[in-house]
Amino acid sequence: MTDAAATHATGEVALRPVEPGDAAECAQIVFEAFGAIHDHHRFQRDFPAIEAAAGVLDVFIPHPMIWGVVAEIDGRVVGSNFLDERSPIRGVGPITVAPEGQNAGVGRKLMQAVLKRGREAPGIRLLQDAFHMRSLALYESLGFDVKEPVGVITGVPRSDPPAGLEVRPLREDDLDGCEALCTKVHGYERTNELRDAIHAFAPFVAVRDARVVAYASAVSFWPMDHGVAESEDDMKGLLLGAAAAIEEPIAFLVPLRSGLFRWCLEEGLRLVKPMNLMAFGDYREPQGAWFPSVLY
């Protein structure tokens, strides 16, 4: 009997890199696992239909700068995890485990795999559902620290865009300005993610005196929407301008300790659920206004 066969025969957990043929099975697990947690805690589902989960994995699995791993028990996929390697700071998720993989250490093994993969990076980030005590305990035990409470917020703001600030779709020639701004706020850049967003979403940029003062990568799809700005006023102007330019509600993760959160409530936006930004390794307090995406 081979080592792999012996592992499967004993019902132990085996890990391997994700493959294109895993997409449908992983999407089903993502849909069911996130759905079960959100239904149990009576929060709106992140993936309301399996097509939404499949859409994310169809992008992640073949992407050359996103590494994926699956867990198997007896030859059957019971979980998956991903590490976004597009930026110096790595981003974890989505991590999901099927019901038959619960209480078998699958989640811990999947997290250990991405931590090993990202060990040369200066830091690793993830976003955790604040109501899910099990995942919070797991990530903390692996060395992650809660750095910022955030909340998913969505809606159509009441105010009109401010005068004196140009808000428009982001272009390729804006990337250098966005990189400089992100580095100023966070200490590192996220240019590869933003370049991908130009082709996959509808990123917006705010410009004053020919200088990029704010940007957001996916204003109507909060899991992939990250943003930075020189000031909270610039961020507010960006969000108001983007909201006026699209037909859908805006949606993003707002830091709950910021003045931006209260402004969102005053504008009539709705708080959907609480989350925690957690960091492993290097973390620098942002020097400006910001909000994260699920992959940070």
Find all pairs meeting these conditions: Cβ atoms under 6 angstrom apart; at least six residues apart or on different chains; first residue within segment 199-219 and surrounded by fewer than 23 Cβ atoms within 10 Å (Cβ to Cβ); second residue in a strand (DSSP E or B). 207/166
Single match in 185, 207 (criterion: out of contact with any Phe, Trp or Tyr (no Cβ under 6 Å at 6 or more places or on another chain), among the aliphatic types (A, V, I, L, M) and within 14 Å of residue 235 (Cα to Cα)): 207
Those residues of segment 200-225 which are under 30 Å from residue 58 (Cα atoms) and part of a loop (DSSP other than H, G, I, E, B), in sequence order: 201, 202, 203, 217, 218, 219, 220, 221, 225
Name the residues in segment 231-260 that are part of a helix (DSSP H, G or I) and buried (at least 19 other Cβ atoms within 10 Å of the Cβ), would you? 234, 235, 236, 237, 238, 239, 240, 241, 242, 243, 260
Which of (1) buried (at least 18 other Cβ atoms within 10 Å of the Cβ); (2) out of contact with any helix residue (DSSP H, G or I) (no Cβ under 7 Å at 6 or more places or on another chain); (3) without any contact (Cβ under 8 Å) to a residue 40 or more places away in the chain does residue 42 not meet, given it meets every other one? (1)
Take the residues in segment 169-192 that are assigned to a helix (DSSP H, G or I) and small (Gly, Ala, Ser), then tell me which one is surrounded by the fewest Cβ atoms within 10 Å (Cβ to Cβ). 180
Filter segment 237-252 down to the residues that are in contact (Cβ under 8 Å) with a residue 60 or more places away in the chain and not hydrophobic (A, V, I, L, M, F, W, C) and list them by number. 237, 241, 249
Which listed residue is part of a strand (DSSP E or B), open to solvent by 10 Å² or more (accessible area, probe 1.4 Å), in contact (Cβ under 8 Å) with a residue 40 or more places away in the chain and of a type in the set (Val, Ile, Thr), from 272, 294, 228: 272
I need a count of the residues in segment 125-168 that are open to solvent by 20 Å² or more (accessible area, probe 1.4 Å), in contact (Cβ under 8 Å) with a residue 40 or more places away in the chain and closer than 18 Å to residue 267 by Cβ. 9
Selection status of residue 80, in contact (Cβ under 8 Å) with a residue 24 or more places away in the chain and either open to solvent by 10 Å² or more (accessible area, probe 1.4 Å) or within 21 Å of residue 226 (Cβ to Cβ) (or both): no
Among the candidates 99, 94, 122, single out the residue that is open to solvent by 30 Å² or more (accessible area, probe 1.4 Å), in contact (Cβ under 8 Å) with a residue 60 or more places away in the chain and under 26 Å from residue 191 (Cα atoms). 122
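The values are calculated or read from the model by the stated rules, or taken from the named source; none is laboratory data. No experiment lies behind these values; they were computed from the predicted model shown. As a convention, Cβ positions derive from the backbone with ideal geometry for all residues, glycine included, and neighbour counts pool all protein chains shown. Areas reflect the complete protein model, heavy atoms only, side chains present, ligands, DNA and RNA absent. Shrake-Rupley method; radii C 1.70, N 1.55, O 1.52, S 1.80 Å.
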